[in-house]
1. Taking the Cα-to-Cβ direction at I292 and at A185 and moving 7 Å from each Cα, how far apart do the two end points lie in nm?
2. Note down the nm distance, to one decimal, between modelled labels 7 Å out along Cα→Cβ at N163 and at S67.
3. By the scheme Lys and Arg +1, Asp and Glu -1, what is the net charge of all other residues having a beta-carbon under 14 Å from that of R302?
4. For labels at R248 and D284 in the simple 7 Å Cα→Cβ model, what's the distance in nm?
5. Can you give the extra length, in nm with one decimal, that the chain gains between E141 and D87 once fully stretched, where that is 0.36 nm per residue apart less the Cα-Cα distance?
6. Accessible area of the chain with a 1.4 Å probe: how many percent of it is carbon plus sulfur?
7. What net charge do the residues around R157 carry, taking every other residue with its C-beta under 11 Å from that of R157, with Lys and Arg at +1 and Asp and Glu at -1?
8. Per residue, what volume in Å³ does the convex hull of the Cα atoms of region 36-76 enclose?
Amino acid sequence: MGPQTDICCDPVGPAGSVRETIRTMAQKIAYQGEPGANSNIACKQMFPDMESVPCASFEDAFELVSSGEAELAMIPIENSIAGRVADIHILLPQSNLQIVGEFFLPIHFDLLGIPGSTIEDATEVHSHIHALGQCRKLIREHGLKPVIAGDTAGSAREVSEWNDPRKLSLAPPLAAQIYGLDVLASRVEDDPSNTTRFVVLAREKELPARDELSGPAVTSFVFRVRNVPSALYKALGGFATSGVNMTRLESYMVGNEFAATMFMADVEGHPEDLPLKLALEELDFFTTEVRILGVYAAAEYRTGQTVSG
């Protein structure tokens with residue numbers, strides 16, 4: 001393991017407390033995507049004083065943290081419309097990194113073109129497949145041909161490089177500033193409630209004690225149930241009887257074995273809280289493996305407060 005990152009949290013959630021700690025450290029946070037992507041925006045909003053480092057893949061972002069070249073990584077884990085982010089449920093448990101915070105970002109897309117371009121003269125719109133799917137109304141209304149790109153911000157860069165008024169991009173607002181594009185229409189997403197949840201990763205360290213988290217906490221973990229009838233039902237029974245709220249539960253296959261199923265879960269509470277302590281003890285009885293991925297302060301969004309968009 002590389003050098004430890006001392007993360008403590010306060011009642012306002014992870015954002016404020018993590019910022020305070022990071023100010024004394026080298027200021028780098030890794031993210032997957034090109035400059036101007038939503039992950040870049042999440043980095044800037046939660047850690048405005050840190051240098052955001054773009055990476056070509058999630059694996060590259062993980063490696064920057066593991067090697068000590070960056071202190072943190074900002075990784076999208078699920079979206080309110082598209083569901084879980086592909087591969088994260090497999091990559092995260094294997095990364096030897098720890099979740100130390102979370103951030104919820106409202107997702108907005110602008111329609112961008114080179115200076116002087118118009119929607120009326122455009123024929124194509126380029127973006128990531130999820131962005132195209134989340135802006136169908138605009139695309140149909142203007143009869144644009146959707147063209148899949150590898151990245152939302154990357155599509156903005158390409159439109160700028162092509163310098164063709166017939167080609168537009170659907171990208172986050174920051175991309176227009178970075179690539180010198182005109183905003184032809186703002187917030188064109190079909191569902192204004194579209195939100196992505198990010199997790200903040202650091203090198204592994206001792207999990208924070210309960211008294212280090214003075215507000216609501218979240219515990220993330222993975223587990224594998226025993227190969228017996230009703231194993232999952234029995235494993236989860238302790239959370240119900242103890243009154244622990246499970247906010248996320250997803251399954252995924254391990255290797256090439258259809259019988260080997262892992263589950264990733266988020267629950268409200270700290271492992272030292274008696275209800276969660278009892279639930280985890282019962283879970284351990286019905287599983288062959290349990291691994292806690294992180295214990296961290298709940299974001300303000302989770303506690304019912306709004307996130308500015």
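1. 4.9 nm
2. Modelled inter-label distance: 3.5 nm.
3. Result for the neighbourhood of R302: -3.
4. Spacing of the two 7 Å Cα→Cβ label points: 2.4 nm.
5. Details: separation 54, 0.36 × 54 = 19.44 nm, distance 3.36 nm.
Full extension of this stretch gives 16.1 nm more.
6. On the way: 7190 of 14040 Å².
Answer for the chain is 51 percent, counting heavy atoms of protein chains only.
7. -4
8. That works out to 66 Å³ per residue.
The values are calculated or read from the model by the stated rules, or taken from the named source; none is laboratory data. Quick caveat, the model's predicted, so the values are computed rather than measured. Backbone-built Cβ (ideal geometry, glycine too); neighbour counts: all protein chains shown. Keep in mind that these areas ignore ligands, DNA and RNA; they rest on the heavy atoms of the full protein, side chains included. Shrake-Rupley method; radii C 1.70, N 1.55, O 1.52, S 1.80 Å.
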